[in-house]
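Undergrad: This is the structure, below, for whatever I ask next.
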Amino acid sequence: MRAWAIANQKGGVGKTTTSLCLARGLATAGNRVLLLDLDPHASLTRAFEIPADPPPSGTHDLFVGNGVGLLELARYTHVPDLQVVAAQPALATLERRGATQPGLGLALGRALHTVREVYDYVLMDCPPTLGLLMVNALAAADRLIVPTQTDPLALHGLADMLRTAEMVERSRRRPLPRHVLPTLFDRRTRTGVASLYELQDRYGDRVWPYAVPMDTRLRDASALVQAAPPDGRGVDMYRRALKWLLEQEAAGEQHKEAA
Ligand SMILES: Nc1ncnc2c1ncn2[C@@H]1O[C@H](COP(=O)(O)OP(=O)(O)OP(=O)(O)O)[C@@H](O)[C@H]1O
Ligand SMILES: [Mg+2]
């Protein structure tokens, strides 16, 4: 099993859309995939149109020690081989408890360990805040994917996010390979194009050399998880991004084996 965290401390950069598109792509390619919604705002959960709102069980259960495991929390979706664990609003209360309860920072890593033979990939959609949930995801992840909107303000958010990743990497003493995915790209604006070049200049081959364009067909998250696959340029570019991420992963693993 490989765990990917999809995170950025900045809001609205395409984390949830990226999580959905990559998870769907991985499942379509024959992998057993689990998606975890770690955001109390639960946009990913809503995309799956889970009947109970708020859902009675979900990622919050992993942090409260009530004995409910990941396998019991995973729900089937319309997409074969894709399962999801919902987010409950109670996740928002965790940040306060995390400060006082030792070991809570590693709860997610422990939960993932129990399903390492069950899934090929676990993707974690993180909230746009640096706190207990994001730190849990970064501590448990084998790889970090940072969707970044192609505008000048988003570049600051990206620098903060990469600093956080470095900090977590140092404390867990295990490399955390990270990749930047430019999103919401509008080629008609000068700032969009300039930001894309700036990203590539600053972060080199950590950056996917293309960008997911603005595409209204990506606006409806629930369409991304229907049985019939959606189409359009945005979805196509996510397919290409996934291919690149898998190549990066394979190259990283080869390198590790050779070392
Ligand atoms: N490439 C795109 N083209 C058009 N709309 C997009 C694209 N990517 C995402 N969106 C839309 O932009 C909004 C923000 O995207 P998304 O929810 O994926 O971001 P997020 O980083 O998860 O946000 P949050 O920080 O609030 O969790 C959503 O309405 C989404 O449907
Ligand atoms: Mg989101």
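The values are calculated or read from the model by the stated rules, or taken from the named source; none is laboratory data. Please read these numbers as outputs of a predicted model, since none were measured by experiment. When we count neighbours, we look across all protein chains shown, and the Cβ atoms used for this are built from the backbone with ideal geometry, even at glycine.
Undergrad: Collect the residues in region 174-215 that are among the β-branched types (V, I, T) and either over 21 Å from the mean Cα position of the chain (by Cα) or away from ligand 1 (no atom under 13 Å from the Cβ) (or both), keeping them in residue-number order.
TA: Matches in region 174-215: V180, T189, T191, V193, V207.
Undergrad: Now for a separate question. Please indicate, with yes or no, whether at least one residue in region 62-69 is modelled with pLDDT of 95 or more and either under 16 Å from the mean Cα position of the chain (by Cα) or on the phi > 0 side of the Ramachandran plot (or both).
TA: no
Undergrad: Also: I'd like to check something: does region 117-124 contain any residue that is at pLDDT 95 or above, assigned to a loop (DSSP other than H, G, I, E, B) and crowded, with 20+ Cβ neighbours inside 10 Å?
TA: Yes, the conditions are met somewhere in region 117-124.
Undergrad: I'd like the full set of residues that are away from ligand 1 (no atom under 13 Å from the Cβ) and buried (at least 24 other Cβ atoms within 10 Å of the Cβ), limited to region 125-136.
TA: N136
Undergrad: Another question, then. Restricting attention to region 218-249, which residues are exposed (fewer than 15 other Cβ atoms within 10 Å of the Cβ), under 22 Å from A42 (Cα atoms) and free of Cβ contacts under 8 Å to residues at least 24 places away in the same chain?
TA: Result: R219, D220.
Undergrad: Quick check on my filter: what residues within region 24-45 are away from ligand 2 (no atom under 13 Å from the Cβ) and in a helix (DSSP H, G or I)?
TA: The answer is R24, G25, L26, A27, T28.
Undergrad: Same structure again: Filter region 20-42 down to the residues that are within 14 Å of ligand 1 (Cβ to nearest atom) and surrounded by fewer than 17 Cβ atoms within 10 Å (Cβ to Cβ) and list them by number.
TA: Matches in region 20-42: H41 only.
Undergrad: Of the residues that make up region 64-81, is at least one among the charged types (D, E, K, R), away from ligand 2 (no atom under 16 Å from the Cβ), surrounded by fewer than 19 Cβ atoms within 10 Å (Cβ to Cβ) and part of a loop (DSSP other than H, G, I, E, B)?
TA: Within region 64-81, none of the residues are among the charged types (D, E, K, R), away from ligand 2 (no atom under 16 Å from the Cβ), surrounded by fewer than 19 Cβ atoms within 10 Å (Cβ to Cβ) and part of a loop (DSSP other than H, G, I, E, B).
Undergrad: Something else: Of the numbered conditions (1) surrounded by 17 or more Cβ atoms within 10 Å (Cβ to Cβ); (2) away from ligand 1 (no atom under 16 Å from the Cβ), P152 satisfies every one except a single condition; which is it?
TA: The single condition P152 does not satisfy is (1).
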